[in-house]
Amino acid sequence: MIMAQITYNHLDPTVKARCDELIATPLTFSDSGSSTFVTASVWADDYRSSLGTGTSHYIDLPISLDGTSTADFVAPTPDVVQAINLAISTLLSSTSTEAEQATQLRYLLHFVGDIQQPLHCTTGISASTPAGDAGGNQFRITGTWSNLHSLWDAGGGYLLDSLPRPLSVSKQALLNTRVATVESAHPYTRNTEAGLPNPMEWAIEGQQRALSICYSGISRSAAPTSTYVLTAKSTTEELLALGGHRLADLLNILLAVKPSPYLLPSGTFGFSWRSVSGFTYQIQSSSSLTAESWEKLTDVTATGSTASFEIPTSSDGRFFRLVK
């Protein structure tokens, strides 16, 4: 939910409104506890058994902890990389239904968070766990946490606050405070050059962090040191920001307004776009794509899920753009 709130803070207004529409779409599996963008980020865990999506929350990229060969390891599928790619393709598709897009947005909210957790990206191969340690679940430790995975799921204690849903005013305030702390330490800078990401690259990053940080400086059947726990907390804070910023950039691409041009037999040129009812869009024109300033033609206030603009064609060669 921290990561989702960070994402929500950096969505373009029309993208945010579109997300709100999709989150409000009725689904077979839904309840009041996941009725907002932030609380919907936990939906995939709430219904993972009912939906049969257990393996979609992680990817087991093997690493050897003691020199034991990883050659014979076969990772379960579908995995989180495949799940994220499916969500991306569904949200990009012009033929997917509202319910399909609503479902995949909820999955994306959760899985982009899961893939930031390093132990959701690997499994440790060793003489004692030749089939893998299930992302640290079978790496037993003592103290507050029973295994390495649970320590990292809790961010070394960074994520132990109880936030029951729906969020009360006080719990939302606690969430906002934590988000402000994360964003103060790791401010968002929009990646204007960002294209569609390759989530496998995120998974490989996680695998590398698992090897260099999660499995480093800790031993089986021993308690983590205070230094190790502090590293887990600071790394978790960094990854919450990274995941929130990555998801904001991704959704701002996936759900951006995309005009579709058309030409009518009457000689009228126009374009339509997916809109949010009540939002106002500005139509601008220029004789050059590289012009420093564009002429405002009109404002279009959407009255439904689709809006359009039309103008008689002319011979002067004009360009049009939509500003939200």
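The values are calculated or read from the model by the stated rules, or taken from the named source; none is laboratory data. Computed from a prediction, not measured in an experiment: that's the story for all the values here. Neighbour counts run over all protein chains shown; Cβ positions are idealised from the backbone, glycine included. We work out accessible area using only protein heavy atoms, side chains counted, and drop any ligands, DNA or RNA first. Shrake-Rupley method; radii C 1.70, N 1.55, O 1.52, S 1.80 Å.
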* Could you check Ser275 against (1) modelled with pLDDT of 85 or more; (2) surrounded by 14 or more Cβ atoms within 10 Å (Cβ to Cβ); (3) not charged (D, E, K, R) and say which number it fails? => (1)
* Which of (1) of a type in the set (A, V, I, L, M, F, W, C); (2) modelled with pLDDT of 90 or more; (3) more than 30 Å from Leu160 (Cβ to Cβ) does Leu247 not meet, given it meets every other one? -> (3)
* Asked: Could you list, in sequence order, the residues of segment 156-207 that are of a type in the set (Asp, Glu) and either under 22 Å from Gln117 (Cβ atoms) or surrounded by 15 or more Cβ atoms within 10 Å (Cβ to Cβ) (or both)?
  -> Asp161, Glu183, Glu201, Glu205
* Structure fact -> For segment 198-238 the number of residues that are of a type in the set (Lys, Arg) and over 30 Å from the mean Cα position of the chain (by Cα) is 1
* Could you tell me whether any residue of segment 95-114 is surrounded by 22 or more Cβ atoms within 10 Å (Cβ to Cβ), free of Cβ contacts under 8 Å to residues at least 40 places away in the same chain, not aliphatic (A, V, I, L, M) and not in a loop (DSSP other than H, G, I, E, B)? => yes
* Within segment 120-139, work out how many residues are under 11 Å from His57 (Cα atoms) and either open to solvent by 10 Å² or more (accessible area, probe 1.4 Å) or in a helix (DSSP H, G or I) (or both). => 1
* Structure fact -> Checked segment 54-75 for anything surrounded by fewer than 17 Cβ atoms within 10 Å (Cβ to Cβ), touching a residue at least 40 places away in the same chain (Cβ under 8 Å), assigned to a loop (DSSP other than H, G, I, E, B) and of a type outside the set (A, V, I, L, M, F, W, C); matches are Asp66, Thr68, Ser69, Thr70
* Please go through segment 28-53 and pick out each residue that is in contact (Cβ under 8 Å) with a residue 60 or more places away in the chain, hydroxyl-bearing (Ser, Thr, Tyr) and open to solvent by less than 30 Å² (accessible area, probe 1.4 Å). => Ser34, Thr39, Ser41
* To do: Please determine, by comparing only the residues of segment 210-229 that are hydroxyl-bearing (Ser, Thr, Tyr) and in a loop (DSSP other than H, G, I, E, B), which one is nearest to Arg178 (Cα to Cα).
  => Thr225
